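The values are calculated or read from the model by the stated rules, or taken from the named source; none is laboratory data. Values in this document were obtained by computation on a predicted structure and should not be read as measured data. Cβ placement follows ideal geometry from the backbone for every residue including glycine, while neighbour counts extend to all protein chains displayed.
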Amino acid sequence: MQTLGLGQAVNQALREEMHRDPNVFIAGEGVGVDIHDNPVFPTFGLLEAFGPGRVKDTPVSEAAIAGLAVGAAEAGLRPVIEIMFNPFFTLASDMIVNHAAKLRYLSGGKSSFPLVVRIKSGAGFGAGCQHSHNLEAWAAHCPGLKVVMPATSADAKGLLKSAIRDNNPVIFIEHMGLYFAKMPVPEDDYLIPLGKAEIKRPGKDLTVVTWSGMLGVALKAAEKLSQEKIETEIVDLRTLTPLDKDTILASVKKTGRLIVLHEATRTGGFGGEIAAVVMEQGFTYLKAPLRRVTGPDIPVPASPPLEKFYIPDEENLIQAAREIL
Amino acid sequence: MEVSEKKKKEMLWTMILSRKFSDSLVSLCKTEGKIPGMMILSTGQEAVGSGVCAALEFDDVIITNHRSHHHLLAKGADPEKIMAEIYCKQTGCNKGKSGTLHLAVPEINAPCTSTVVGGSLPIAVGRAFAQQYRKETAVTVCFFGDGAADEGSFHEALNLAGLWQLPVVFVCENNVYAGAQRYDAHTRVKDVAERAESYGMPGMIVDGNHAPAVYAATLKARQRALDGEGPTLMECKTYRLRGHGESDPQHYQPKDEIKAWQAKNPISRLGKELVESGIITPAALQEMESKAENIVAEAVRFAEESPFPEAQDALEDLYA
């Protein structure tokens, strides 16, 4: 099987979908001619493959890029736009939050907006807080959007292909740290449905619900805990909305213990939503109070020791596990 | 250019219909229990909607804003379905999800209305991009007010449309007020049209109270777009005869200013022209007014007799 970074898997999904459907086009800052010129990045080589008619380099103009997607999607095209870094979501957010998410509802179901907003995300690059800020909970708080955050290259390919074929606006958040991790990816044309979590590691003692870049942290912690005969079940959400409550609740029912792990800051983070779902629908399964392991409520700092302090690691997770075991 | 008699009559008719429609809403929206939410009317600006839409073909798209009734009626929206939506009824064009503000009528190629000031512009860019991408013989018209020209979305949209030579006509309805703020209190340049130059497109200043002038300008801008020469910024100088909304006492609009603009009423102006030039008789004009009154009365009856949506319908129509 081929091994690809997550960005290369995204690239493969884009190529396959652009070959399959002439309505698919991509637009964004540097999606054609990129400053990096590096094959690990998701749109590498697409301009050469599909030409400037379908690979649209745009000005630095997020509101226009997002509006381009909304208008083109209403007309029946399938735009895939790129927001270079997650904090720049704010610049595109009126078009996404007030328009992409609401215009179908406002039309009484007459119109649809089949568009994908790819967002590069994640801390760990020393870039500081205006380039690193995990805002998935904002998007997940908007009815009308779907929010997808793959943790593996194989998932990224199958989920992005589903997102492009979905008739709704999908926010597809890619952790840039995963661009550099080679992972196996099936070569065939496959889809992974939106709204389905996956158990990435089975276990009986403790459930960790996580997504995106934190899956690796969860897997490392689970290895260490396993040496102490503590078996961790890892639920990779893959899609935040629609949320796969069944998989979460079934796992908590089995283990009786829950930790939610995410890189985003704590207060108002999506971990709170998962905690609330389990308290409402799985309270009696719990043998101990649940825990959240998250970034602290600070902007992501630039200095390496400060940034390392910000990003949750396996020691944080193991410590939380010990508190509830 | 010479505007045909047929077009002049068509524009007069859609203006009369729009005005009767607005006039009926003035009292209905103040009647307890009839119409929920705010009421924003286009009284005085009818020549813009009618003049622009008379120059469009069915396949041309309009993207409009919170002050949309005159655009939609001129593009051919069904007055009953619009009125029922304004009443938030199940039979409304958007099943009561939109109400008066966000009317979406995709069946006449008026698919999106944004009430976020400036929101219509980037969407129009996207809609026009789709027309260019598919090599369609059609253009997109985007309606917005002078206030929207201060939003970042205006500048981003014009820049991208100019850069990519998209088939879009940006129609700024400069009605002198953005909320309670006079134009010269929110913008330094004398005309919004001046800004066109910054984005590599022509800017046109049009008498927005004269439908044939708006029509002629739109035809020119539309042809330019179809010829692949890109967008145009058309500024229609007009006036908002009523407040921003119907709860607005217009305390900031000088009375003599309102009076002066009432004298420039686009409907009586074109009506008079058509009667004086013998294109229509005074009786025919009277007949158009009665016909419009009947259509509006019928639309109101339809809306009032229609049921509200079921409460649970709130959960429908979010995802495709």
Considering each residue of the range A:235-258, count those that are over 24 Å from A:Gly144 (Cα atoms), of a type in the set (A, V, I, L, M) and crowded, with 24+ Cβ neighbours inside 10 Å, and give that number. 3
Subset of the range A:91-110 [at the interface with chain B (Cβ under 10 Å from one of its Cβ atoms) and touching a residue at least 60 places away in the same chain (Cβ under 8 Å)]: A:Ala100, A:Ala101, A:Arg104
Could you check the range B:81-123 and list, in sequence order, the residues that are more than 19 Å from B:Ile295 (Cα to Cα), of a type in the set (Ser, Thr, Tyr) and either buried (at least 24 other Cβ atoms within 10 Å of the Cβ) or within 8 Å of chain A (Cβ to nearest Cβ) (or both)? B:Ser98, B:Thr113, B:Ser114, B:Ser120
Kindly indicate whether any position in the range A:34-46 is modelled with pLDDT under 95, over 25 Å from B:Ala124 (Cα atoms) and either of a type in the set (A, V, I, L, M, F, W, C) or touching a His at 6+ places or on another chain (Cβ under 8 Å) (or both). yes
What number goes with the only condition from (1) more than 24 Å from A:Val55 (Cα to Cα); (2) surrounded by fewer than 18 Cβ atoms within 10 Å (Cβ to Cβ); (3) acidic (Asp, Glu) that B:Glu173 does not pass? (2)
All but one of (1) surrounded by 23 or more Cβ atoms within 10 Å (Cβ to Cβ); (2) small (Gly, Ala, Ser); (3) out of contact with any helix residue (DSSP H, G or I) (no Cβ under 7 Å at 6 or more places or on another chain) hold for A:Ala321; state the number of the condition that does not hold. (3)
A:Phe113 passes all but one of (1) farther than 21 Å from B:Asn159 by Cα; (2) touching a Phe, Trp or Tyr at 6+ places or on another chain (Cβ under 7 Å); (3) within 14 Å of chain B (Cβ to nearest Cβ); which number fails? (2)
Could you tell me whether the range B:97-108 includes any residue that is under 30 Å from A:Phe50 (Cβ atoms) and out of contact with any His (no Cβ under 7 Å at 6 or more places or on another chain)? yes
Of the criteria (1) in contact (Cβ under 8 Å) with a residue 12 or more places away in the chain; (2) part of a helix (DSSP H, G or I), which one B:Tyr252 fails: (2)
Scanning for something surrounded by fewer than 18 Cβ atoms within 10 Å (Cβ to Cβ), part of a strand (DSSP E or B) and more than 14 Å from chain B (Cβ to nearest Cβ), does the range A:167-177 turn up at least one residue? no
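Listed here are the residues, each with its yes/no results for (1) at positive phi; (2) assigned to a helix (DSSP H, G or I).
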position	(1), (2)
B:Arg67	no, no
B:Leu73	no, yes
B:Ala77	no, no
B:Glu85	no, yes
B:Lys89	no, no
B:Gly96	yes, no
B:Leu101	no, no
B:Leu121	no, yes
B:Ala128	no, yes
Go over the candidates A:Phe113, A:Phe88, A:Phe50, A:Phe125 one by one and state the one that is more than 30 Å from A:Met183 (Cα to Cα) and free of Cβ contacts under 8 Å to residues at least 60 places away in the same chain. A:Phe113
I'm checking my understanding of the structure. Among residues of the range A:268-325 that are farther than 21 Å from A:His133 by Cα and assigned to a loop (DSSP other than H, G, I, E, B), which one is modelled with the lowest pLDDT? A:Leu325
How about the range B:29-55: which of its residues are within 13 Å of the chain's Cα centre (by Cα) and assigned to a loop (DSSP other than H, G, I, E, B)? B:Ile40, B:Leu41, B:Ser42, B:Thr43, B:Gly44, B:Gln45
Given the structure, is A:Ile65 more than 11 Å from chain B (Cβ to nearest Cβ), at pLDDT 95 or above, surrounded by 21 or more Cβ atoms within 10 Å (Cβ to Cβ) and in contact with an Asp or Glu (Cβ under 8 Å, 6 or more places away or on another chain)? no
Only one of A:Asn11, A:Asn23, A:Asn38 is under 20 Å from B:Tyr133 (Cα atoms), assigned by TED's automatic domain parsing to the domain that holds A:His175 and of a type in the set (S, T, N, Q), namely A:Asn23
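Condition check ((1) over 17 Å from the mean Cα position of the chain (by Cα); (2) over 27 Å from A:Gln2 (Cα atoms)) across all residues:
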site	(1), (2)
A:Lys182	yes, no
A:Leu215	no, no
A:Asp244	no, yes
A:Val260	no, yes
A:Phe270	no, yes
How many of the residues in the range B:124-135 are at the interface with chain A (Cβ under 9 Å from one of its Cβ atoms) and surrounded by fewer than 24 Cβ atoms within 10 Å (Cβ to Cβ)? 2
Looking at (1) away from chain B (no Cβ under 14 Å); (2) surrounded by 22 or more Cβ atoms within 10 Å (Cβ to Cβ); (3) not in a loop (DSSP other than H, G, I, E, B), which one does A:Glu48 not meet, given that it meets all the others? (2)
